[in-house]
Amino acid sequence: MSAPQVELITIGDELLLGFTVDTNAAHISRALAASGIEIVRRTTVGDEAEKIAEAVREALDRTGAVITTGGLGPTSDDLTKPAIARIFGREMKLDESIAAQLEQRWRTRFPTSAFPATNRTQAEIPEGARILTNRHGTAPGIWLEDDKGRWVAMMPGVPREMRGMLAEELLPAIKSRIKGPASVVLSGTLRTTGIAESAIAQLLGPNFLGDRNTELGSLPLAYLPGVAGVDLRVTAKGLPPERAEKLVRAAILKLRDRVGAYSYGEDDADLAAVVLERCRALNFKLAVAESCTGGMLGERITSIPGSSDVFLGGVIAYHDGVKKAVLGVHPEDIERYGAVSEQVALQMAAGIREKTGADVGVSVTGIAGPGGGTPEKPVGLAWIAVHGPEAKARRFHLGGDRAEIRQRAAQAALEMVRRALSNG
């Protein structure tokens, strides 16, 4: 049985202009997939009634099932409801009970302020619509359906409100329409770092999971490169939950066997968390010395809850004077080899280890750009060192803009620690 198919339309000029990242679409896609519902197309349109209507009309013609987010507020750019109501030939009517609830909510929050008349527009509902209760905000969600069974579910664009409504109202409504045995759209991800997408593709070769006519070989394998590395994702669609889990697990294990040391975790694994867990297992304390990353490595580590039992702290030795005075880097080595060098990186790592009493010190020094590079030391050059049971430094040439170079340097430093503590 194939998974039910839905189209998703996110609405708002701020999404099109790039001022707001569309996290709603990602959340909805994941939540529906886990319930066996497949998002087959995602569209973003601006705050124009005709554009909204055109996108929804085309989506209804393709799948007959559409979810929208955004445009349900009380302001002049909130046009979703009337635009979609016209597609269904419905008039907008004021729901007095919803209006009363909105006014009561307002007076509770702002007892000395008059209830704005514009807020009553949130209580205007297309005729014949089903209300999706919003327990986390003011804008009610709306379910509109025609006599052919085609439907549109409208949810607010505020992420907290949307997530609550999705879990409490919309998902149960969609799942109640699914007939036949339960199925899921299930994905599994193997996370890798320190190896390029093309190198992994060559390592795996074509049809790595097997012949496409087999169950395992039929699973789509996606290569997802990013600043942190390359994720390998396999997906099972329209299968019973237990069968999907078994196939995805088998695929992930097969990929891990081939990729080997480049893999550091699965699904949402964070390399910083992996490093911290390895330190805990060895009863090691960790400290960092950073130059070009400017605290980013420490931030990666301290963003993990409970990191304080492993991480002692760090020094941002951005200026050469701090490298010398705080970390004990020899001035003559900076003069002879430069601040971005193997010698300086090793001394920084040793210095932070001595300064803090850590079992492992890790350092990063590099040229993040966009200026400052030379033919001998180009932008993107970084030296990273780990000083622990053994001392090791490694040269990297990292690509991207300034932000990406710094992010890649922090990731590379974490990977060097992971390998050092795993004898890798």
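What the table shows:
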{"quantity": "Heavy-atom surface of the chain, accessible at 1.4 Å and reported per residue (Å²)", "calculated": "48 Å²"}
{"quantity": "HN-Hα J in Hz across the range 132-139 - Karplus 6.51, -1.76, 1.60, θ = phi - 60°, x for Gly and Pro", "calculated": "9, 5, 9, 8, 10, x, 9, 6"}
{"quantity": "Protection proxy ranking, peptides 372-378, 240-246, 296-302, average beta carbon neighbours within 10 Å, highest first", "calculated": "296-302, 240-246, 372-378"}
{"quantity": "Computed over the range 66-159, the ratio Rg/Rh where both radii use C-alpha atoms and Rh is Kirkwood", "calculated": "0.98"}
{"quantity": "With every protein chain in place, the range 279-424: carbon and sulfur % of accessible area (1.4 Å)", "calculated": "51 percent"}
{"quantity": "Only Lys, Arg (+1) and Asp, Glu (-1) charged, at Cβ; the chain dipole about Cα centre in debye", "calculated": "940 debye"}
{"quantity": "Rounded to whole Hz, the Karplus (6.51, -1.76, 1.60) HN-Hα couplings of the range 393-408, x for glycine and proline", "calculated": "10, 9, 8, 10, 10, 9, x, x, 7, 4, 4, 5, 4, 5, 5, 5"}
{"quantity": "Read-out percent of Cα pairs over 38 Å apart, derived from the coordinates shown; its label in (1) 26; (2) 17; (3) 42", "calculated": "(3)"}
{"quantity": "All lysines inside 18 Å of Lys285 as judged from Cα atoms, apart from same-chain residues fewer than 8 positions distant", "calculated": "Lys355, Lys392"}
{"quantity": "Percent accessible area from carbon and sulfur atoms, the range 151-192, protein chains only, probe 1.4 Å", "calculated": "57 percent"}
{"quantity": "Diffusion constant of the range 1-81 at 20 °C, which comes from Stokes-Einstein with the Kirkwood Cα-pair radius and 1.002 mPa s, µm²/s", "calculated": "163 µm²/s"}
{"quantity": "Tail beyond 26 Å, pair distance distribution of the range 222-381 (Cα, percent)", "calculated": "45 percent"}
{"quantity": "The range 156-241 - Kirkwood radius from inverse mean 1/r over Cα pairs (Å)", "calculated": "15.9 Å"}
{"quantity": "DSSP-defined beta bridges in the range 1-144 - what % are antiparallel, rounded to 5", "calculated": "35 percent"}
{"quantity": "Packing-based ranking, highest mean first, of 28-41, 59-72 given that Cβ atoms within 10 Å are counted", "calculated": "59-72, 28-41"}
{"quantity": "Contour minus Cα-Cα distance for Tyr223 and Lys175 (0.36 nm per residue)", "calculated": "14.2 nm"}
{"quantity": "Simple spin-label estimate for Phe115 and Ala199 in nanometres, 7 Å along Cα-Cβ", "calculated": "6.4 nm"}
{"quantity": "Rounded to 5, the percent of DSSP beta bridges in the chain classed as antiparallel", "calculated": "60 percent"}
{"quantity": "Antiparallel DSSP beta bridges within the range 330-424, percent to nearest 5", "calculated": "100 percent"}
{"quantity": "Additional length obtainable on full extension of the chain from Glu332 to Ala49, 0.36 nm per residue less Cα span", "calculated": "95.1 nm"}
{"quantity": "Carbon + sulfur, % of accessible area of the range 5-146 - ligands and nucleic acids excluded, 1.4 Å", "calculated": "49 percent"}
{"quantity": "FRET efficiency estimate (nearest 0.05) - Cβ-Cβ, Ser76 to Arg105, R0 30 angstrom", "calculated": "0.90"}
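The values are calculated or read from the model by the stated rules, or taken from the named source; none is laboratory data. Since we're looking at a predicted model, the values are computed, not measured. Cβ coordinates were reconstructed from backbone atoms using ideal geometry, including for glycine residues, and neighbour counts include every protein chain displayed. What goes into the accessible areas is simple: the full protein's heavy atoms, side chains included, and nothing from ligands, DNA or RNA. Shrake-Rupley method; radii C 1.70, N 1.55, O 1.52, S 1.80 Å.
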